[in-house]
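Notes to accompany the following structure.
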Amino acid sequence: MQSNDQMILSQYWAEKIDSVNHGLALLRTKLSELTEKPNQVIFVSAGEIKPLLNPYILTFCKDISHNFECKADFISAACTSLHASIFHFNNSKSHNCLVILLELDQTLQQGCLNALGVGDSDGQDGLIVNDCIGFCFLEKRVAHNQDIVIEQCQI
């Protein structure tokens, strides 16, 4: 980043969805509307690496990486995955980044939470996974008046 550049959240979108295929189709449509190609793509999920066990999600990630022709990473740090992706982008040489949030395949992700003892099975009064998808487009540049600036990020 240059000395007067800031980290800008220039675009964002998220949606609760009914199924993996529904979510991926909706996400493909929304991503096709981007007006700028990213220098970097970061896939994030609170479900650790588990969502990539789903062949539809794995194919989607491969397709996006291929279509945008840029560096792609997968970051998973449980509930702090979005924060971790912001740190990762901040430390990169890229000028912009597309962060794709994949909270998909509820059964796989819920099984992970339940196994950790923080889910909703066997009398646990814990977290319940909701299938949802989204993205945010981050940029390193001089901020304009109405821009959303990420001034700090902590985990």
How much length would be gained if the chain were fully extended between Asn90 and Ala78, taking 0.36 nm per residue of separation minus their Cα-Cα distance, in nm to one decimal? 2.4 nm
Treating only Lys and Arg (+1) and Asp and Glu (-1) as charged, each at its beta carbon, one finds that the chain has a dipole about its Cα centre, in Debye to the nearest 20, of 520
How big is the antiparallel share of DSSP beta bridges in the chain, given as a percent to the nearest 5? 70
Do you know the Lys pair count in the range 12-155 for C-alpha distances under 18 Å, with sequence separation 8 or more or different chains? 11
Between Ile148 and Ala115, the two model label points (7 Å from Cα along the beta-carbon direction) sit apart by a distance in nm of 3.3
Computed [θ] at 222 nm, deg cm²/dmol, the chain (DSSP H ≥ 4; -39,500 (n - 2.57); rounded to nearest 500): -9500 deg cm²/dmol
Apply the a/c threshold of 1.5 to the C-alpha gyration tensor of the chain and tell me whether it is rounded, prolate or oblate. prolate
Förster radius 25 Å - calculated FRET efficiency between Asp125 and Asn21, Cβ distance, rounded to 0.05: 0.20
How big is the charge dipole of the range 66-155 about its Cα centre, in debye rounded to the nearest 20, if each Lys and Arg gets +1 on its Cβ and each Asp and Glu gets -1 on its Cβ? 540
Between the DSSP loop rule and a limit of at most 10 other Cβ atoms within 10 Å, which GluC sites (Glu not before Pro) in the range 1-88 are left? Glu33, Glu69
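Read-outs: derived from the displayed coordinates by stated rules, not from any lab. What you see is a predicted model; the values in this text were computed from it and never measured. Methodologically, a virtual Cβ is constructed for each residue, glycine included, from the backbone with ideal geometry; neighbour enumeration extends over all protein chains shown.
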